[in-house]
Amino acid sequence: MLLVESLSGHRYFVIPQGSSEVTIFTSGLLPFLFVTVIIGCFYVITYLETKKNNRFFSSKVWNKMPAISFAVLVISIFQFMLFLLLGPGFEWIEEWRILLYFSLCFFLFLYFIFIYSMVHKFSDSSTSAKKKVHYSFLWSNGLLFGALFLI
């Protein structure tokens, strides 16, 4: 998104300054494409990790990971909201737009880890780690697409 903003000269994330009518995105497809590309990068990294080292994704920690990743996600969202409301978050994001993209990538990474841990917990023990990564990519994109469709 930062590359698109810099090349086109148009900001897609706009913070309202007054009573003028402001839209967040110019197209409904652009946010889904952006989120899919980010989750796709996490998918590729995770898939390559399964090809390199299969012991990491067969650890017993992944059975407890849904609760851990959900707790970390909720705490991170709460801290981010406090940073925006009580700290200098809005001014920093206005000056350095990349902070918004980094935080979005961080939350999407936690979301992808949460979905992977849920797939790992509820899948059969005979399912390979590579298939679990494929399923988590499909579920994470499907749930986000459904959420964006409902909005």
I'd like the residue in region 29-68 that is assigned to a helix (DSSP H, G or I) and of a type in the set (S, T, N, Q) and, out of all such residues, is nearest to Ile151 (Cα to Cα). Thr36
Looking only at residues in region 128-142 that are farther than 15 Å from Ile39 by Cβ and surrounded by fewer than 18 Cβ atoms within 10 Å (Cβ to Cβ), which one is modelled with the highest pLDDT? Lys131
I'd like the residue in region 82-111 that is within 22 Å of Ile38 (Cα to Cα) and aliphatic (A, V, I, L, M) and, out of all such residues, is surrounded by the fewest Cβ atoms within 10 Å (Cβ to Cβ). Ile98
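One line per residue, one yes/no per condition, for (1) buried (at least 17 other Cβ atoms within 10 Å of the Cβ); (2) touching a residue at least 24 places away in the same chain (Cβ under 8 Å):
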position: Met65; (1), (2): yes, yes
position: Ile77; (1), (2): no, yes
position: Ile113; (1), (2): yes, yes
position: Ser117; (1), (2): yes, yes
position: Lys121; (1), (2): no, yes
position: Ser126; (1), (2): no, no
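The values are calculated or read from the model by the stated rules, or taken from the named source; none is laboratory data. Computed from a predicted structure; not experimentally measured. So basically every Cβ, Gly included, is an ideal-geometry build from the backbone, and we count neighbours across all protein chains shown.
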